[in-house]
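Structure first, commentary second.
The values are calculated or read from the model by the stated rules, or taken from the named source; none is laboratory data. Just so you know, these numbers come straight off a predicted model, no measurement behind them. Methodologically, a virtual Cβ is constructed for each residue, glycine included, from the backbone with ideal geometry; neighbour enumeration extends over all protein chains shown. Accessible surface is based on the protein model in full, side chains and every heavy atom, while ligands, DNA and RNA are left aside. Shrake-Rupley method; radii C 1.70, N 1.55, O 1.52, S 1.80 Å.
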Amino acid sequence: MVKVYSQNYAYDYPFATVTLAYFLRYPNPYSRHVLSTDVLDRTFDPATQRLYTTRLHLKRSRLPAAVVKLLPRSLLGASANGDSQAYILERSVVDVREGWMATESRNLELTTVLDVIERQTYKRPLEAKGNFGDEGTEVATTVTLHSRLGQRFRRARESAAEAPQGNFLARWSQASLQSTIESIGLNRASKSQPNAMEGMKIVMERLRHGGMVAVLEGMRKDREAS
Amino acid sequence: MSASLAPECNESKERYDTCFLRWYSDKFLRGSAQTNDCDSLFRTYSACLTRALKDRGIDNMVQEARNEAQETDAEHLVKGRIPPS
């Protein structure tokens, strides 16, 4: 079973600004839970004019409290009480020639409990004259939530086809628990997505009014405030 | 600028980030980039970060997640979403 959140939106900023804001979005006033951002890899392909980036974010809060209550302590680890830290792997591709950016973020830990993959596609509209035009930027977001709690796998994402262990009743209650956890994740995604967009808008507003200097100054203040 | 997970890497990260942002806005976004100008600054930062991930015992977890992400790219290639890296 999988639950999916999806949304389409249009930013009132040029494609160039939106992609820059994507790389610059932390820290912002809506991202107090983001503790750090590191670049693991960055590759530029001059032939296609594409830029590939892999980043690692560290965020506060691992699981929603309601999920923590459903889980055995052994799964959470000794120190975890739901108010812990979570690593997020983010990958992105920007194609500056064709005018699109594709992004993907996923959690690194507890993927059996709840695997969350967020994917976004940013596009400059067909009628746009270039990356700096004022036609705005379209963004499509999907968040896929998948719980495999109770299923035994060698590797978390390996084979969803494997049948769960146990009798019918055990399978049924396991499926019901997975569905509950996915619903809680879905609810959280639908609350956090608007905040993520507001954060992007603040960074883009700073870019519009003061350029990079204003962004960096704003970041310094956000960092001090968090 | 966003902080590194390792305070000891903040300085080299900031130097790299500053270079990258300039390259990204002045060259890449204008379609005039020929090379990634910040490679040597990235190598310095990356060496620090690689050590930090190892010290914290998360280097394997990160590598596994990266491999896994690459594997699932196949699905999205079919749907035409994320091109191969």
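Filter the range A:195-216 down to the residues that are under 23 Å from the mean Cα position of the chain (by Cα) and open to solvent by less than 40 Å² (accessible area, probe 1.4 Å), then identify the one that is nearest to B:Cys19 (Cα to Cα). Looking at the filtered set, the residue picked out is A:Val215. In the set A:Ala214, A:Ala175, only one residue is within 22 Å of A:Val2 (Cα to Cα) and either modelled with pLDDT under 90 or outside any helix (DSSP H, G or I) (or both); that residue is A:Ala175. Selection of the range A:29-42 for residues being at the interface with chain B (Cβ under 7 Å from one of its Cβ atoms) and in contact with a Phe, Trp or Tyr (Cβ under 6 Å, 6 or more places away or on another chain) yields only A:Thr37.
One residue is enough: does the range B:73-83 have a residue meeting the conditions at pLDDT below 95, within 23 Å of A:Val213 (Cβ to Cβ) and at the interface with another protein chain (Cβ under 7 Å from one of its Cβ atoms)? Steps first, please.
Step one: filter the range B:73-83 for residues at pLDDT below 95, giving B:73-83.
If we keep only those that are within 23 Å of A:Val213 (Cβ to Cβ) too, we end up with none.
No, the range B:73-83 contains no residue that is at pLDDT below 95, within 23 Å of A:Val213 (Cβ to Cβ) and at the interface with another protein chain (Cβ under 7 Å from one of its Cβ atoms).
Close contacts from the range A:181-197, counting a first residue that is within 16 Å of A:Tyr9 (Cβ to Cβ) and a second that is surrounded by 14 or more Cβ atoms within 10 Å (Cβ to Cβ), with Cβ to Cβ under 6 Å and a gap of 6+ residues or different chains, come to A:Ala189/A:Tyr5; A:Ala189/A:Val143; A:Ser190/A:Tyr5; A:Asn195/A:Tyr30. Does the range A:2-16 include one or more residues that are basic (Lys, Arg), surrounded by fewer than 23 Cβ atoms within 10 Å (Cβ to Cβ) and assigned to a strand (DSSP E or B)? Yes, some residue in the range A:2-16 is basic (Lys, Arg), surrounded by fewer than 23 Cβ atoms within 10 Å (Cβ to Cβ) and assigned to a strand (DSSP E or B).
In summary, A:Phe44 fulfils each of the numbered conditions (1) surrounded by 21 or more Cβ atoms within 10 Å (Cβ to Cβ); (2) closer than 28 Å to A:Ser183 by Cα with the single exception of condition (2). Scanning the range A:16-51 for residues that are modelled with pLDDT of 95 or more and of a type in the set (Phe, Trp, Tyr) gives A:Tyr22, A:Phe23, A:Phe44. Among the residues making up the range B:1-52, those that are in a loop (DSSP other than H, G, I, E, B) and under 25 Å from A:Lys59 (Cα atoms) are B:Met1, B:Ser2, B:Ala3, B:Ser4, B:Leu5, B:Ala6. A residue that is within 7 Å of another protein chain (Cβ to nearest Cβ), modelled with pLDDT under 95 and under 14 Å from the mean Cα position of the chain (by Cα) cannot be found anywhere in the range B:38-60.
Please determine whether any residue of the range A:186-199 is touching a helix residue (DSSP H, G or I) at 6+ places or on another chain (Cβ under 8 Å) and assigned to a helix (DSSP H, G or I). Before you say what the answer is, go through the steps one by one.
First pass over the range A:186-199, keeping only residues touching a helix residue (DSSP H, G or I) at 6+ places or on another chain (Cβ under 8 Å): none.
No: the range A:186-199 contains no residue that is touching a helix residue (DSSP H, G or I) at 6+ places or on another chain (Cβ under 8 Å) and assigned to a helix (DSSP H, G or I).
Within the range A:108-140, the residues that satisfy the criterion of being modelled with pLDDT under 90 and closer than 27 Å to A:Asp38 by Cβ are A:Leu108, A:Glu109, A:Leu110, A:Thr111, A:Thr112, A:Val113, A:Leu114, A:Asp115, A:Asn131.
Going through the range B:7-37 one residue at a time, which ones are among the hydrophobic types (A, V, I, L, M, F, W, C) and more than 8 Å from chain A (Cβ to nearest Cβ)? Outline the logic, then answer.
Taking the range B:7-37 first, the residues among the hydrophobic types (A, V, I, L, M, F, W, C) are B:9, B:19-21, B:23, B:28-29, B:33.
Within the range B:7-37, B:Cys19, B:Trp23 meet the criteria.
Residue count for the range A:118-146, restricted to those that are surrounded by fewer than 19 Cβ atoms within 10 Å (Cβ to Cβ) and of a type in the set (A, V, I, L, M): 3. If you go through the range A:121-153 and keep only what is touching a residue at least 40 places away in the same chain (Cβ under 8 Å) and not in a loop (DSSP other than H, G, I, E, B), you end up with A:Tyr122, A:Lys123, A:Thr137, A:Glu138, A:Val139, A:Ala140, A:Thr141, A:Thr142, A:Val143, A:Thr144, A:Leu145, A:His146. Residues that are outside any strand (DSSP E or B), open to solvent by less than 40 Å² (accessible area, probe 1.4 Å) and either among the charged types (D, E, K, R) or touching a residue at least 60 places away in the same chain (Cβ under 8 Å) (or both) within the range A:97-112 comprise just one, A:Gly99.
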